[in-house]
Amino acid sequence: MNTMDIELVSVSKSFGSVNVVRDLDLQIPRGQFVSLLGPSGCGKTTTLNMIAGFHAPSSGEIRVRGKSQRGVPPERRNLGLVFQNYALFPHMTVAENVGFGLRMRGTPREEIHRAVESSLRSVHLDGFGDRYPKALSGGQQQRVALARAIAPQPSVLLLDEPLSNLDLKLREAMRVELKELHRELGMTFVYVTHDQEEAMAMSDRIVVMWQGDIAQQGDPISIYRNPRTRFVADFIGRSNILSVGSHSAGSGGLDLSIAGTQIVLHSSGSDAAAPVRSCCIRPENISLHSGTSPDGCRQNRLDGTVRRFVQLGAHVELLVDVASAVALTVLVRSSPASLLPAIGSAVTLAIDPRDVQVLAD
Amino acid sequence: MTKLLPCLFWLAIGLVLAFIVLPIAVVLAASLSPASTVTFWPSEWTFKWYGALVTDKWISPFWLSVRVALAVAAISGVLGILAAYALVYQKIPGASAIMGAILSPLSVPQIVKGVAIVLFLSIVGLQNLLGTPALIAAHVVLALPFVTRMAATALANFDSSLDRAAQSLGATQRQRLQHIVLPMIKPGVLSGMTFAFIISFNNIPLSVFLVRPGDTTLPIAVINHLEYSLDPVMAAVNVTSMVFILMVIFLFERIGGFSAQLHGGSK
């Protein structure tokens, strides 16, 4: 019994001389919400189009539920597809749009009616069946597109940046709804996005793509906490990335000498044999002690001067110079102005070794 | 000064209306005059000339024109859709050359074309196609550029993600053509077909070479009649065919709602 819904086996795709996807291996287990995340041009949409069947891979193989999809046209793959621009049929009512897939398969009328009703209920649009798409808001249109894609009960739902055309508030609300819909249907979702927050909020697993290949994959929190490359550390969330000059085994981890400075950071990253070129520290993992440091419970301690100060409401972002060429961004909880260091004042920064993530490049 | 532009605007509109509407009014008045010569603004009114139209001399050319025009609209509609689909949507190799060939009849004088068709048919020994088959074929060649152009424009505006959405929902190519592409380009195609109908129904320069003696289209029957007499029957024929054309346009518009498209609006 194969529990993988979709498998890509060393899939490559080139358009002319441009290699858009290189030797990609990917397994998507049944029922998971998997995001393909990356900047534009990373090959994520091409990968989705290959799964959907609109592009044939230049080499390699795509399997859906164990069956090779070579030569299978999109209309015979039984995959649901949701587009960024909704792509609703303007000359059909909402109900006709949602029932289209089943109608093309020659499903009996009563059955179509039942499926349309239940799909519209899933996206909270019961009672909208008789309207035309033009009469609906962007958010409602995207729900209709979702209902249309799930009505024929596809094995997998492919979503291509479905929330990108919506405004921020609606986008955040739709994230929650999409996640609930996923739970309710138990269907495999493959979600393409360039928005890391979106991917974080919904995914069981994130596949970070860069330059046509997988940069890293894993559950959202492990990708956030343990990025393995500079690109991932930089793309997912915010981070301070420091170049490492040399490194050596220290007590229970690694000692990293930061290039161009006297600073040595202790990291709990353990493997001294693996290449270490840089390290990353999330701004919220740096804590702040004004003036002299009170205690010695943290192992990394850096003295610095506050250069910049940005009030973000719930948080305050500080830029602290710790060496001539090194400044760290620090995110601290907002508190009354009198308790925060002024620009130009000396501060001591404390960093837990577990929060110093070593990067391979 | 600020009043001058609106004045010029209304003057221009007035002149255009005068040139288009007044002659029609004259014809209409003449067709209702009891005198047997054409007179403007008769002192009495009668419908007797319209009654005189209900004879085989006029009825049979009228029906021939209607039959030919309907066939031309239908054939050029189907051909135009297929051509536009292949050239614009599928972008087959040589698309622009083929489109050029389809549009080329626009640049050849109709008289030349008419002579050419008659010569061609007699050289290859197909003179017996003269009459209805030759009329339909020639009019289709004449109307096809309009229908193809309009279908091509409609297709160029067609959002191809709709096609992909339908495909992902399991629709075969034939189903997508039937349920998605055709309904979306219907207004454009129907307005092209209206043009085709009118082009065929009004045609003289081509038809004059292709009709068989004694079995002519309405415009040719009018020409033949004019050779002998300029009487109110002529006016009555003209008014009748004008009303008929208006009815055809109205009918096509009811089916396709293309005036909305022509005016840039939406349903």
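Observations, loosely collected:
- Lys/Arg +1, Asp/Glu -1 at C-beta; chain B dipole; positive extreme among B:158, B:134, B:75: B:158
- Charge-dipole axis of region B:53-264 as Lys and Arg at +1 and Asp and Glu at -1 on Cβ define it, positive-most pick from B:145, B:199, B:112: B:145
- Most mobile of A:133, A:283, A:336 in a GNM of chain A (Cα contacts under 10 Å): A:336
- Alpha-carbon geometry of chain B: the Rg and the Dmax are 22.5, 72 Å, given in that order.
- Considering only the Cα atoms of chain A, their convex hull presents on average a projected area of 23.0 nm².
- Calculated P(r) tail over 12 Å for region A:89-138, as whole % of Cα pairs: 61
- Each helix, a run of at least 4 DSSP H residues, gives -39500 (n - 2.57); summed and divided by the residues of the protein assembly as shown, these come to -13500 deg cm²/dmol at 222 nm.
- The residues B:223, B:180, when put in order of fewest to most other Cβ atoms within 10 Å, stand as B:223, B:180.
- Lys, Arg +1 and Asp, Glu -1 on Cβ, resulting dipole of region B:53-264 about Cα centre, debye, nearest 20: 560
- Bridge type composition, the protein assembly as shown - antiparallel percent by DSSP, nearest 5: 80
- Short to long, the 10 Å bins of the Cα pair-distance histogram for the protein assembly as shown hold 3, 12, 16, 15, 14, 12, 10, 7, 5, 4, 2, 1, 0 percent of all pairs.
- Each of A:118, A:335, A:304 was placed along the dipole of the protein assembly as shown (beta-carbon charges, centred on the mean Cα), and the one lying farthest toward the positive end is A:118.
- Under 18 Å, Cα to Cα: Lys pairs in the protein assembly as shown, sequence gap 8 or more or different chains: 5
- Basic side chains Lys and Arg get +1 at the Cβ, acidic Asp and Glu get -1 at the Cβ, and with that the dipole of the protein assembly as shown about its Cα centre reaches some 820 debye.
FYI, it's all coordinate maths here, none of it is from the lab. Remember, predicted model here, so these are calculated numbers, not experimental data. Here Cβ is always computed from backbone atoms with ideal geometry, including for glycine, and neighbour counts include all displayed protein chains.
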